[in-house]
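The values are calculated or read from the model by the stated rules, or taken from the named source; none is laboratory data. Bear in mind the structure is a predicted one, so any value in this text is a computation, not a measurement. Neighbour counts are summed over all protein chains in view; Cβ atoms, including those assigned to glycine, are modelled from backbone coordinates with ideal geometry. Accessible surface areas use protein heavy atoms only, side chains included; no ligands, DNA or RNA. Shrake-Rupley method; radii C 1.70, N 1.55, O 1.52, S 1.80 Å.
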Amino acid sequence: LRPSVPSMQHTSRARQMSRSGCAIAAAPWRRAGVAWRLSLLALGALAQPRGARADPDGFLVMSTPGESKIMWLSLPENGDFAGAVPKTLIDTGLKAPQGIAVDKKRRRLYVADPDAQKIFAYQLSIVSGRLVADAEQITICSGIESRWVAVDGAGTIFFTDEPQNRILKVVADKAMRGMVTPEVVYSDAAEVNKPGGLAVDNFHVFWTNKHFGQEAGSLVRGSESPLSGGDATSLSILAKNSAKCYGVCIAMGNVFFTDSEKALYGVKKFGGPVAEVSGALSRPRGCAWDGDGTVYVADRGAGAVFSFASNMHVISETTLTKAFEIEDAFGLAVLTGAARHLFALPSALLAACLALLAA
């Protein structure tokens, strides 16, 4: 879609006005042409081959409660983890880390450690293609037996209080101050019964229940900011197919969740038929979406992480592929490289402007 070529008369007039210093104000077609070229150059800079960047496009982060560690792996471009060995991210200061979440925008890792009864935070960075956690461990809150944590795009942290049947949150501007009193999102609701996995999408919070799921709901959706008192009218039960469920993750319009024994299920975010995606797992736990088309599932019993294509228009049974082995896999989270593309855009535009000025 090239901008129209101006007539010879307009070109002559523009040249005359250029000599008087008024060319840009009197020639909107020229500005359009410059904007067009800038857009093409910027898009070209963003569309460089993936191999041209020094850092990986993303990382998969994993918790191993039995070893009191947080591990990581780079996400391969072709999805093939052959020969990959998980690397240690954190191996001190934790007791039994379970649920984990990554704030992609702020590059912060949150860890729910029920044995320590704390929610911890770490600042992440990428150094020479490796994922690194800052040595400082920040305690977000204490005295809460939480096994799962999630964070939304605004940086608000959501986590469970399993013994008290509560869903809690801490807003972003308070999160890194340490030792804050969390807000109650839902409490004393029949649909919160020993809450398990947790996931958020900036509008809703989704959780599984580990107790009486066939009555309270195996998977429940609520508002991130309900009316005072955790208004139960904002709650929707999306599934009642399993008594005890664990992990949950959102992949576009789909929600996937695991039971305690062998199954992975899926349902649409706003309800519909619940489908069994796989029944071939062994003690599945957390799951995470890579932001593209793959969901990873931690299988604690098999000592491995599995993957499958998540972009299902109709959720149905599919084959899961073993991605790699990791002992005592539990929580999963993904840090993608999307933020790097956004930060690179101004530099690309600047380079484009300089190129045009030099032309």
| Overall form of region 72-230 per C-alpha gyration tensor (a/c, 1.5; a/b vs b/c) | prolate
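Would you mind getting me the FRET efficiency between SER234 and SER128? Use the beta-carbon distance for r and R0 = 51 Å, nearest 0.05.
On the way: r = 46 Å, r/R0 = 0.90.
E between SER234 and SER128, to the nearest 0.05, is 0.65.
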| Residue list for region 301-317, given a label point 7 angstrom along the Cα-to-Cβ vector of ASN202 and an amide N cut-off under 20 Å | 311
| note | Between GLU145 and ALA309, the FRET efficiency computed from the C-beta separation at R0 = 30 Å comes out, to the nearest 0.05, as 0.25
| query | Which percent of the accessible area of region 61-172 is formed by carbon and sulfur heavy atoms (probe 1.4 angstrom)? | reply | 41 percent
| query | Given the Cα-Cα distance of ASP80 and ALA135 and 0.36 nm per residue of separation, how much length would full extension add, in nm? | reply | 16.7 nm
| remark: Note on region 258-307: alpha-carbon gyration tensor, axes a ≥ b ≥ c; rule is a/c under 1.5 for rounded, else prolate if a/b larger than b/c, else oblate; result oblate
| said: To the nearest 20 Debye, how big is the dipole of region 49-135 about its Cα centre, given +1 on the beta carbon of each Lys and Arg and -1 on that of each Asp and Glu? | reply: 300 debye
| Gain upon complete extension [GLU327, SER282; 0.36 nm per residue less C-alpha separation] | 14.9 nm
| query | Stretched out fully, how many nm does the piece from ASP115 to SER316 gain, at 0.36 nm a residue minus the Cα gap? | reply | 68.7 nm
| query | Residues of region 65-211: accessible area per residue at 1.4 Å, in Å²? | reply | 41 Å²
| remark: Of the residues SER63, ILE100, GLY153, the Cα lying farthest along the dipole of region 52-173 towards its positive end, which is defined by charges on the beta carbon of Lys, Arg, Asp and Glu, belongs to GLY153
| query | Could you give the nm distance between label points at LYS105 and GLU215, where each point is 7 Å from its Cα heading toward the beta carbon? | reply | 4.1 nm
| Going by a ≥ b ≥ c, the root eigenvalues of the Cα gyration tensor, does region 210-249 fall in the rounded group (a/c under 1.5), the prolate group (a/b larger than b/c) or the oblate group? | prolate
| task | Could you list, in their original order, any pairs among LYS194/LYS322; LYS210/LYS268; LYS240/LYS262; LYS240/LYS268; LYS174/LYS268; LYS87/LYS174 whose Cα atoms are separated by more than 23 Å? | result | LYS194/LYS322; LYS174/LYS268; LYS87/LYS174
